[in-house]
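Single-structure report; data block below.
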Amino acid sequence: MIKNFINKYFNGKPLHLKDISEKTDNQDYQFVLKYHNDDIGYLDYSNNLWSFYYSEWFKNQSDIKALLEFPKIEEKYSSNELWAFFANRIPSFKQPNIKEFIENNPNEKTNLVKLLDLFGKYSVNNPFVLESH
């Protein structure tokens, strides 16, 4: 799914993780996925690798179920590609605010860390908030 996203919005050019890391000011980057004031989990980007793991608070509660892409709450997930759950938070490049950003910053077009930071805080797909740290 993420490959379709990349191909659709990046003119069919394959996205290499090298492109992201070269354009990211801080190679180590962390996002916190929140529900109200509680930390659900953490999305990290470091050394060309995405990682997601649940917070201790989340592991010790029973009201909120694990996310479908991350069913095992004790596991730390790692991937070279950004999971669809997070990639879907980046709006279409046809949206006016992201279109304007890309026009003014064409080199940031493939910087998923930057795009997620700028545009991924809220999603219509779920009630969680994604904050950068």
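The values are calculated or read from the model by the stated rules, or taken from the named source; none is laboratory data. The structure displayed is predicted, hence computed values, not measured ones. All Cβ positions, glycine included, derive from the backbone under ideal geometry; neighbour counts span all protein chains shown. For the accessible areas, the whole protein counts, side chains as well, though only heavy atoms, and no ligand, DNA or RNA atoms are used. Shrake-Rupley method; radii C 1.70, N 1.55, O 1.52, S 1.80 Å.
Give the stretch 69-80 a look and list any residue that's assigned to a loop (DSSP other than H, G, I, E, B) and in contact with a Phe, Trp or Tyr (Cβ under 7 Å, 6 or more places away or on another chain), or say none.
Once the filter is applied, which keeps residues that are assigned to a loop (DSSP other than H, G, I, E, B) and in contact with a Phe, Trp or Tyr (Cβ under 7 Å, 6 or more places away or on another chain), the stretch 69-80 yields Glu69, Phe70, Ile73, Lys76.
Which condition does Asn107 not pass, out of (1) in contact (Cβ under 8 Å) with a residue 60 or more places away in the chain; (2) within 10 Å of the chain's Cα centre (by Cα), if it passes all the others?
Unmet condition: (2).
Yes/no matrix, rows are residues, columns are (1) touching a His at 6+ places or on another chain (Cβ under 6 Å); (2) modelled with pLDDT under 95; (3) open to solvent by 30 Å² or more (accessible area, probe 1.4 Å):
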{"position": "Asp19", "(1), (2), (3)": "no, yes, yes"}
{"position": "Thr24", "(1), (2), (3)": "no, yes, no"}
{"position": "Leu33", "(1), (2), (3)": "no, no, no"}
{"position": "Asp39", "(1), (2), (3)": "no, no, yes"}
{"position": "Phe52", "(1), (2), (3)": "no, no, no"}
{"position": "Asn60", "(1), (2), (3)": "no, no, yes"}
{"position": "Glu69", "(1), (2), (3)": "no, no, yes"}
{"position": "Phe86", "(1), (2), (3)": "no, no, no"}
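Those residues that are touching a Leu at 6+ places or on another chain (Cβ under 9 Å) and open to solvent by 50 Å² or more (accessible area, probe 1.4 Å), I need them from the stretch 41-50; list them, please.
Asn48, Leu49
May I ask you to list the residues in the stretch 103-128 that are crowded, with 16+ Cβ neighbours inside 10 Å and of a type in the set (A, V, I, L, M)?
Leu112, Val113, Leu115, Leu116, Leu118
Could you please find all residues in the stretch 88-102 being open to solvent by 40 Å² or more (accessible area, probe 1.4 Å) and within 16 Å of Phe52 (Cα to Cα)?
Asn88
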